[in-house]
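The values are calculated or read from the model by the stated rules, or taken from the named source; none is laboratory data. The structure presented is a predicted model; accordingly, all values stated were derived computationally and were not measured. A quick note on method: Cβ atoms are made from the backbone with ideal geometry, for glycine too, and the neighbour counts reach across all protein chains shown.
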Amino acid sequence: MPDLPDPSRTAGRLRTERVTLGYGDRAVVTDLTTTVPDGRVTVIVGANACGKSTLLRGMARLLTPTAGSVLLDGRAIASLPSRQVARTLGLLPQNPVTPEGVSVVDLVGRGRHPHQGALRRWSSADEEAVAEALRLTDTLDLAERLVDELSGGQRQRVWIAMALAQQTDLLLLDEPTTYLDVAHQVEVLDLLAELNEARGTTVVMVLHDLNLAARYADHLVAMRDGRIVAAGTPAEVITEPCVSEVFGMACRVVPDPVTGTPMVVPLGRAARHRTQEVPA
């Protein structure tokens, strides 16, 4: 298992220090310290209920730590003004609640709210940001439709457009490929990768698909039972022993034939049985 990086030696505007997060009296993430590398794509993976989404919610200030701190630019995020946080850090939560009777363009426009104020009203820059977000997510043709009338995949792309319209330096996404078919999954992940490359946006996302995680991550974090098991490059983290420890699953890790990144081939009982039947 690779050694965890020393957070004090890793540059990052967003980090946690011995943070404990949970719901009520139940701790889900305990005493966790990690740093999000600036200008990189970080992907968090792990089995269901391991604490991935809880960690992301804590980083976004949706959960208050019961111990430790989440730091943004060296200050406890809980102490910062809400508008300052919203101008710096955007979040697409898991299963966001879709408001009734709201059009796509209006919902995406809500991503511009942190940039409004008593002395700053809606401007051409806001219009351009919304139009660009719609274009990037292939939702321009949906602009006048009601969000609650869209399919799950269309709705997910609209929520991503709202997050993009916010134009933050850091973007946190909890399972952004949910409800999307394979083609749109790749399109969304390509978009986030391009956003990272072109603008230097720091992207943190939770993904379930290990092979997509390996393709798109610069920095990969594997979690189990509220703790980090391994962190590093995909090649360092996605190994057969690590997959076994994190997911309790036997597998083979081979090079992806397209990208050369690690590709996980699960060894279910049927796969093992068929392998044994293959003649020498």
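Structural remarks
- Residues of the stretch 95-139 satisfying the condition of being in a loop (DSSP other than H, G, I, E, B) and within 25 Å of Glu194 (Cβ to Cβ): Pro96, Thr137, Asp138, Thr139
- Among the residues listed as Asp181, Asp190, the single one being under 26 Å from Leu14 (Cα atoms), among the acidic types (Asp, Glu) and in contact with a helix residue (DSSP H, G or I) (Cβ under 9 Å, 6 or more places away or on another chain): Asp190
- Boolean, Arg26 is farther than 24 Å from Ile238 by Cα and touching an Asp or Glu at 6+ places or on another chain (Cβ under 9 Å): no
Here's the yes/no breakdown for (1) more than 30 Å from Thr88 (Cβ to Cβ); (2) at pLDDT 95 or above; (3) in contact with a strand residue (DSSP E or B) (Cβ under 7 Å, 6 or more places away or on another chain):
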position	(1), (2), (3)
Glu197	no, no, no
Met223	no, yes, yes
Ile228	no, yes, yes
Val253	yes, yes, yes
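- The residue that is surrounded by the most Cβ atoms within 10 Å (Cβ to Cβ), among those in the stretch 116-156 that are charged (D, E, K, R) and within 15 Å of Val102 (Cα to Cα), is Arg155.
- Within the stretch 86-103, the set of residues being at negative phi and not aliphatic (A, V, I, L, M) comprises Arg87, Thr88, Gly90, Pro93, Gln94, Pro96, Thr98, Pro99, Glu100, Ser103.
- Taken together, Thr233, Thr202 contain a single residue that is without any contact (Cβ under 8 Å) to a residue 40 or more places away in the chain, of a type in the set (Ser, Thr, Tyr) and farther than 22 Å from Val97 by Cβ, which is Thr233.
- Count - residues of the stretch 158-192 that are part of a strand (DSSP E or B) and over 16 Å from Ala213 (Cβ atoms): 2
- Applying the set (1) surrounded by fewer than 20 Cβ atoms within 10 Å (Cβ to Cβ); (2) closer than 20 Å to Asp181 by Cα to Ile160 leaves exactly one unmet item: (1).
- Residue, nearest to Val28 (Cα to Cα), within the stretch 204-228, restricted to residues that are in a loop (DSSP other than H, G, I, E, B) and in contact with a helix residue (DSSP H, G or I) (Cβ under 7 Å, 6 or more places away or on another chain): Leu207
- Flag for Met249 being part of a loop (DSSP other than H, G, I, E, B) and of a type in the set (A, V, I, L, M, F, W, C): yes
- Filter result for Cys242 (more than 13 Å from the chain's Cα centre (by Cα) and farther than 26 Å from Arg18 by Cα): no
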